[in-house]
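This report refers to the structure that appears directly beneath it.
The values are calculated or read from the model by the stated rules, or taken from the named source; none is laboratory data. Please read these numbers as outputs of a predicted model, since none were measured by experiment. When we count neighbours, we look across all protein chains shown, and the Cβ atoms used for this are built from the backbone with ideal geometry, even at glycine. Remember, those area values only see protein heavy atoms, side chains included, never the ligands or the DNA or RNA. Shrake-Rupley method; radii C 1.70, N 1.55, O 1.52, S 1.80 Å.
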Amino acid sequence: KKQRLGFAFTTTADDIDKVINEAVEASAWTAVDEYAGIPDCMPSGDVLIFDEKIKSLSEDDVIREAMRLEESALAFDKRIKKVRKAEAGARIGSTVIVNSKGVNVSYESTYYSAHLTTLAQDDNDSQMGWDFAGSRRMSDIDLNSVGRNASKRAIELLGSRKISTVKAPVILDPSVAVDFLDILSSSMSAEAVQKNRSFLSGKTGQCVVSELVDIIDDGTMPWGSGTNPVDDEGVPSENKTIISKGVLNGYFYNTYSAKKAGTKSTGNAVRGSFKSLPGIGVTNFHINAKGINPSKSPLSKGGHESDNKLVKSLSKGILILGAMGVHTANPISGDFSIGISGLWIENGEALYPVKEAVISGNILELFRKIEGVGDDLTFFGNIGSPSLLIGEMDISA
């Protein structure tokens, strides 16, 4: 109201009129902000986000699925001694977004997920393994594969040894690559750029990562975890190639940041819940795998494998299967130093598992050093990546 923001929320449907009045009253006590506003009504398309099969599940059905997940993990190998967590989850959501400029959108969505953590033991050695799969469509999830892969990860790390400090190429498993990609996505937020908190500030039109890389944010992807007809302000979702052959095409905007930049929203307004104002986030954010169209392939079957062609091409280096502390990377500079575990590779073959190694560097430099992109695109939630072959990195013991 008069370029002043008022905000209120309620958890009681009967309080709708009251909460509207509270928001209007609150606007009298906030500062004038020339960029404050709400989006105009725009047409949105249909998206595939509702699976009737998930709607028909009972609580007992989901419990049985969780038990099947645990059984598949324990049956993989006698050295799997314990399942720390076996979770299957089904969710149905209903969303309505209305504003006084004509936006009036309502939709239902579903989501199904499986998550497993296992413990392998052999003599005095024990290792953890995990896997996750999630989609808006139940048929995209293979519970047996999730269970087997979690156990396989634990087994293949048994007998891990330390290595000497070395400079060598690495392959990031998709589960590790998405952690780095998540940090990269936050630097593409227009809000971060406008607050000088992004290492991609001022780099539009420049080659910022390897020319092998296309990065896409597709809010319309069939059955994607981040798919919706509109964003959390009511702006239609879009399919955007944010990086083409290494070149940064732009940033992600919500209504506020777009008005501040003199452009339009990209449909990337995200609210943590109805209790918070819209920020900026990604939809289905992923590195395009060679020859893979994610809209025509299963999003997450579970039980993924690292791209074998990349492993075979490696004369010496590490296949990184786990990384600890990627979230501690500096969001402004991109610098990081993290612990890793994985498999030491020589002449295209895994020789032994590696533990307690550390890699350090810069996230933007890491993406610039991509020398190979696999065809094993895997989504973990709404972020996906194939395996990535990275040129020489500093690996310390």
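Observations, loosely collected:
- Residue ID - most open to solvent (accessible area, probe 1.4 Å), chosen from residues in region 1-19 that are of a type in the set (A, V, I, L, M) and assigned to a loop (DSSP other than H, G, I, E, B): Leu5
- Each residue in region 129-159 was checked for being in contact with a Leu (Cβ under 9 Å, 6 or more places away or on another chain) and not hydrophobic (A, V, I, L, M, F, W, C), and 13 of them qualify.
- Number of residues in region 214-233 that are open to solvent by less than 20 Å² (accessible area, probe 1.4 Å), within 14 Å of Gly384 (Cα to Cα) and outside any strand (DSSP E or B): the value is 5.
- Condition check for Ser100: among the hydroxyl-bearing types (Ser, Thr, Tyr) and open to solvent by less than 50 Å² (accessible area, probe 1.4 Å): no
- Per-region count, region 112-153, residues small (Gly, Ala, Ser), in a helix (DSSP H, G or I) and closer than 29 Å to Phe50 by Cβ: 4
- Filter pass, Asn284 being farther than 30 Å from Val166 by Cβ, open to solvent by 20 Å² or more (accessible area, probe 1.4 Å), modelled with pLDDT of 95 or more and not hydrophobic (A, V, I, L, M, F, W, C): no
- Total residues in region 1-44 satisfying the condition of being farther than 19 Å from Thr255 by Cα and of a type in the set (Phe, Trp, Tyr): the figure is 2.
- Residue check for Gly302: at pLDDT below 95, outside any strand (DSSP E or B), out of contact with any His (no Cβ under 8 Å at 6 or more places or on another chain) and open to solvent by less than 70 Å² (accessible area, probe 1.4 Å): yes
- Condition met for Ile383 (among the hydrophobic types (A, V, I, L, M, F, W, C), modelled with pLDDT of 95 or more and open to solvent by 10 Å² or more (accessible area, probe 1.4 Å)): yes
- Close pairs (8 angstrom Cβ cut-off, 6 or more residues apart or separate chains): open to solvent by 10 Å² or more (accessible area, probe 1.4 Å) in region 117-135, of a type in the set (Phe, Trp, Tyr) and in a strand (DSSP E or B) anywhere: Thr117/Trp130; Phe132/Phe380
- If you check Ala36, Ala73, Ala28 for being without any contact (Cβ under 8 Å) to a residue 60 or more places away in the chain and of a type in the set (A, V, I, L, M, F, W, C), only one passes: Ala28.
- Scanning region 154-174 for residues that are surrounded by fewer than 22 Cβ atoms within 10 Å (Cβ to Cβ) and part of a helix (DSSP H, G or I) turns up Ile155, Glu156.
- Residues of region 234-262 that are open to solvent by 30 Å² or more (accessible area, probe 1.4 Å), more than 27 Å from Ile370 (Cβ to Cβ) and in a loop (DSSP other than H, G, I, E, B): Gly262 alone.
- Residues located in region 135-160, provided they are closer than 23 Å to Met221 by Cα and among the polar types (S, T, N, Q): Ser135, Ser139
- Subset tally (residues that are open to solvent by less than 80 Å² (accessible area, probe 1.4 Å), charged (D, E, K, R) and part of a strand (DSSP E or B)) for region 75-84: 0
- Of all residues in region 29-66, those satisfying the criterion of being aliphatic (A, V, I, L, M) and loosely packed, with under 12 Cβ neighbours inside 10 Å are Ala31, Val32, Ile63.
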